[in-house]
Amino acid sequence: MRGINMDWNDLRFFLAVARTSSLTKTAAKLNVSQSTVSRRISALESSLQTCLFLHHQTGYFLTDAGQEVLRYAEEVEGKVITLEKKISGRDLTPAGTVRLATAVTLANHLIIPALPRFQARYPGITLELITGVNTVSVVRNDADIALRLVRPEQNSLKIRRAGVVTSAVYGAEAYLRAHPAPADNPTAGRSFITWDRSFSHLPAARWLNERFPDRTSTLALTSLVTQIGAVKAGLGLAVLPCFIAAQNHDLVEVIPTQQVFAEELWLVSHTDLVASSRIRVVADFLMEIIAEAHLA
């Protein structure tokens, strides 16, 4: 049938007429006019350049050519039905691998604690959690979706503001009792746990350098996890994300977030993947746990 310009939607009308042997019944079944059915059959016969039905007083009956087309049409119909069921099933039960890129902080303290709930809800999805987003690009397809503290500039990405991560200055309760300070000068006589100079570009490091350039530093570290450990050990004060500090009941706010800073949180995915059900459920789950952490 090379060179034939066939409208495959005409096969639906052809199958109905072949099964009912009637234009009237076909029109009622497909909720169209009888003239529409007749026009569709004529168009199919014209494109195939052959007669598919013989019209008798008792109905429409397939010619030999019509019988041959019927076999192919039923095969096409079966494949379409199988495809519809397969795709519909995927939407109902999302499955596959999703690569999620994010910061170590967000992975350890926000996402991973909630993953058992996600896995119970979507057992067919395998989540690949990629940290160290400075080397991960959604544009290059290194990741399918990303939760980031820096807004990307690429126009090819779907970018959604997910929330705000606030920070404040915290100290361990025991440390604050051992080093009392007046309410109007809460850092007096107290030391800071700081970032190593190679991390001076981070917002917390910049804020400390600008606000307390002459601060006393007892310890310089290269990760937030070790800073939290040092604060809990009573080694000094540190700038910490509020949602993480809230998970540690022995930490006390010394300088509130209104006087420190906040960072916007962005959910990023490639525009080509927006319609993917597995990407969508991961994005929705991230928004859910962000709201639960009071970051929305």
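The values are calculated or read from the model by the stated rules, or taken from the named source; none is laboratory data. Every value quoted in this text rests on a predicted model; they were computed, and no experiment measured them. Because the Cβ atoms are built from the backbone with ideal geometry, glycine has one as well, and the counts that use them run over all protein chains shown. Side chains are part of the model used for accessible areas, which takes the heavy atoms of the whole protein and leaves out ligands, DNA and RNA. Shrake-Rupley method; radii C 1.70, N 1.55, O 1.52, S 1.80 Å.
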Quiz prompt | Given charges at beta-carbon only (K, R positive; D, E negative), |dipole| of the chain in Debye | solution = 340
Exercise. Be a star and scan region 105-120 for residues whose amide nitrogen sits under 16 Å from the point 7 Å along the Cα-to-Cβ vector of ALA296.
Key: 111
Quiz prompt | With every protein chain in place, the chain: carbon and sulfur % of accessible area (1.4 Å) | solution = 51
Quiz prompt | Taking only Cα atoms of the chain, radius of gyration then Dmax in Å | solution = 32.4, 106
Quiz prompt | Accessible surface of HIS270 - all protein chains present, 1.4 Å probe, nearest 10 Å² | solution = 30
Quiz item: If the cut-off is 23 Å between C-alpha atoms, which lysines fall inside it for LYS79, apart from same-chain ones fewer than 8 positions away?
Solution: LYS29
Quiz prompt | GLY236 long-range amide H proximity, modeled H, under 5 Å | solution = ALA172
Quiz item: Which helices pass in the chain if a helix is a full DSSP H run, must span at least 18 angstrom along its long axis by Cα, and must have mean Kyte-Doolittle hydropathy not below 0.0?
Solution: 277-292
Exercise. Give the accessible area for ARG161 in Å² (nearest 10); use a 1.4 Å probe, count only protein heavy atoms, and leave out ligands, DNA and RNA.
Key: 120
Practice problem: Enter the mean projected area of the convex hull around the alpha-carbon atoms of region 50-131, in nm², rounded to one decimal. | Solution: 9.4
Quiz prompt | Residue-normalised accessible area of region 169-273, given per residue in Å² at a 1.4 Å probe | solution = 51
Self-check item: Exposure ranking of GLU153, GLU173 by accessible area [1.4 Å probe, largest first]
Solution: GLU153, GLU173
Practice problem: Could you work out, for region 147-296, what percent of all Cα-Cα pairs fall into each 5 Å distance bin, beginning at 0 Å and stopping at the bin that holds the largest distance? | Solution: 2, 9, 17, 19, 17, 12, 10, 7, 5, 3, 1, 0
Quiz item: By what distance, in whole Å, do the Cα atoms of region 1-73 stretch along each of the three principal axes, largest value first?
Solution: 33, 22, 18
Quiz item: Tell me which aspartates and glutamates have Cα within less than 17 Å of LYS158's Cα, excluding those fewer than 8 residues away on the same chain?
Solution: ASP142, ASP144, GLU264, ASP272, ASP284
